[in-house]
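> Sharing a structure here in structure tokens format.
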């Protein structure tokens, strides 16, 4: 059942299972703003302090906005301007368009569906959330290119998890899997930085860096193991969401302590850069793509 609630001063739709309680902001791109352990109320997502939600306007600065929780990034992360075709000269906004718009919502007995039609970039975006019998939550996406031309784009989940000392990221990658660093400290070699954990909160000073694994996920499961035994797992079809980025912030970025998992259809933060490195990004004309992510919580003894 979907319940109506508030997140700070914004309307929120809440889906609750025996395992997880998830709150979505339909006026803010369908953002997953809060994700809690239903049994004890533990919050997994990074939260910004204050009672007023820092709304991201269409032409606003993503970093200056709420910058928390789990935003959908589409059709890009970094700004991108197509040089040819029907979208020539139209810049995709920083961190994408989807996280900046209000979505229509249709509440059903067993879930909710958010929809948005982009007149600027000629696509339709649908996001449906359902509870599953095992207590997990499934998010199902359907993106349709309404243009007569291929749409260069990428989708990424910008999932900012709350920093917890001793928490470790798990993936199906090996230590030898090649990576590319998007940003990081100038005085440290990328291979000397931790790939699976935070190293301690240092407000304004602790290293912040992001990298992508450059091979497809062998298995579509990744997540975080917490020191109290909880395991938050993300499950997806690696044929549809093949790649994974990781962002670890020990405090240099906005004095925040967070680890972020970024499942994505292509690495490198923008369609043109992904394509330049051989990663496909196009959705064919008048074609839809579908994929899903399942969120589940378990406990290890």
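The values are calculated or read from the model by the stated rules, or taken from the named source; none is laboratory data. If you're wondering where the values come from, they're calculated on a predicted model, not measured in any experiment. No Cβ is skipped: glycine too gets one built from the backbone with ideal geometry, and neighbour counts run over all protein chains shown.
> Looking at (1) within 19 Å of residue 231 (Cα to Cα); (2) surrounded by 21 or more Cβ atoms within 10 Å (Cβ to Cβ); (3) free of Cβ contacts under 8 Å to residues at least 40 places away in the same chain, which one does residue 22 not meet, given that it meets all the others?
Single failed check for residue 22: (3).
> If you don't mind, another one. Restricting attention to the stretch 239-256, which residues are part of a loop (DSSP other than H, G, I, E, B) and touching a residue at least 24 places away in the same chain (Cβ under 8 Å)?
240, 241, 242, 250, 251, 252, 253, 254, 255, 256
> Still on this model: Take the residues of the stretch 46-91 that are touching a strand residue (DSSP E or B) at 6+ places or on another chain (Cβ under 9 Å) and closer than 15 Å to residue 149 by Cβ: which is surrounded by the most Cβ atoms within 10 Å (Cβ to Cβ)?
75
> Right, here's the next one. Quick one: what pairs do we get from the stretch 221-234, first residue on the phi > 0 side of the Ramachandran plot, second assigned to a loop (DSSP other than H, G, I, E, B), C-beta under 7 Å, 6+ apart or different chains?
Close Cβ pairs satisfying both conditions: 229/300; 229/301.
> Specify the residue that is surrounded by the fewest Cβ atoms within 10 Å (Cβ to Cβ); the eligible residues are those in the stretch 108-139 that are farther than 18 Å from residue 19 by Cβ and modelled with pLDDT under 95.
Among them, the one singled out is 109.
> Using the structure shown, decide if residue 166 is within 15 Å of residue 250 (Cα to Cα), assigned to a loop (DSSP other than H, G, I, E, B), at pLDDT 95 or above and over 18 Å from the mean Cα position of the chain (by Cα).
Considered against the rule, which asks whether it is within 15 Å of residue 250 (Cα to Cα), assigned to a loop (DSSP other than H, G, I, E, B), at pLDDT 95 or above and over 18 Å from the mean Cα position of the chain (by Cα), residue 166 comes out as yes.
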